[in-house]
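Q: Quick one: the structure is below, and I'll ask about it shortly.
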Amino acid sequence: SDSLICISGGYGGLFTVDPFDISRHVNHLGEFNQSQPVDNITVMDSILYASKGTDGMLIMNVSQLERPQILNFYGTTIRDLKVEGGYVLYTGYNSFIVADLTNPAEPDNIVWLESEGRPRGVCIEGSFAYTSGDEGGLTIYNIEDPEEIIETGHVYIADDHNDVVVDDDFAYLA
């Protein structure tokens, strides 16, 4: 099968699995500076981006799974990330950041917005990004122009939230 699932193994590193035959093709990609676990991952054009908390972002070329190549450890605290249209959107300690991926190994921060509380999760739905977090609730951004992000709404919701998903016009926080 040409399809693989990449799994974040926390402190155990990264793994790939063939979703059509999970008994085969299990590949341990490595553990990569384990002072922080791998929290979230996304892959675009054979480049894997993994958030690692205070260790920042791990960037790997996974076009050859037998020999994945680390391209960079990047940045500051990164809690969650999504890749969309040549940009990586991620949550930092108290911020929402957009970086240009013209050079995938060296993201270039182009927007840095202070956020309510400490955002953790990020979800992209159409022209909007949604963040959830500790002490901050839900914040909505218009990302139609990634270089001119506009906060369009915020609602404080008590408690801490690690993730956000949007479906059928509702945002779900966990």
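The values are calculated or read from the model by the stated rules, or taken from the named source; none is laboratory data. From a predicted model like this one, the values you see are computed outputs, not experimental measurements. Heads up, the Cβs are rebuilt from the backbone with ideal geometry, glycines too, and the neighbour counts pull from every protein chain shown. Just the protein is used for accessible areas: all its heavy atoms, side chains included, with ligands, DNA and RNA removed. Shrake-Rupley method; radii C 1.70, N 1.55, O 1.52, S 1.80 Å.
Q: For the range 39-46, just list the computed ³J(HN,Hα) in residue order, Karplus coefficients 6.51, -1.76 and 1.60, θ = phi - 60°, integers in Hz, with x standing in for Gly and Pro.
A: Per-residue couplings from phi come out as 8, 9, 9, 8, 10, 9, 6, 6 Hz.
Q: In a shell of Cβ-Cβ distance under 15 Å around residue 116, excluding residue 116 itself, what net charge do Lys and Arg (+1) and Asp and Glu (-1) give?
A: With Lys, Arg at +1 and Asp, Glu at -1, the net is -3.
Q: How many nm separate the modelled label positions at residue 61 and residue 152, each set 7 Å beyond the Cα in the direction of the Cβ?
A: Distance between label points: 3.8 nm.
Q: Just by accessible area at a 1.4 angstrom probe, what is the order of 91, 152, 102, 42 from largest to smallest?
A: 102, 152, 42, 91
Q: For the range 87-174, with the dipole built from +1 on Lys and Arg beta-carbon atoms and -1 on Asp and Glu ones, taken about the Cα centre, which of 104, 138, 117 lies farthest toward the positive end?
A: Of the candidates, 117 comes out farthest on the positive side.
Q: Also, I was wondering about something else. Under a 5 Å amide H to amide H cut-off, with H placed in plane at 1.01 Å, what residues pair with residue 162 once short-range neighbours are removed?
A: Long-range HN contacts for residue 162: 174.
Q: Show 161, 154 ordered by accessible area, largest first, where the area counts protein heavy atoms only and the probe is 1.4 Å.
A: Final ranking, largest accessible area leading: 154, 161.
Q: Also: With N set to the number of residues, divide the alpha-carbon radius of gyration of the range 61-100 by 2.2 N^0.38 Å and report two decimals.
A: In units of the globular-protein estimate, the range 61-100 measures up at 1.38.
Q: Here is a further query. Rounded to whole Hz and in sequence order, give me ³J(HN,Hα) for the range 159-174 from the Karplus expression 6.51 cos²θ - 1.76 cosθ + 1.60, θ = phi - 60°, writing x for Gly and Pro.
A: 5, 9, 10, 8, 8, 9, 9, 10, 8, 6, 6, 10, 9, 10, 10, 10
Q: Arrange the residues 58, 173 by how much accessible surface each exposes, largest first, with a 1.4 angstrom probe.
A: In descending accessible area the options line up as 173, 58.
Q: Express the accessible area of the range 34-97 per residue in Å², computed with a 1.4 Å probe while the remaining protein chains stay in the model.
A: On a per-residue basis, the range 34-97 sits at 40 Å².
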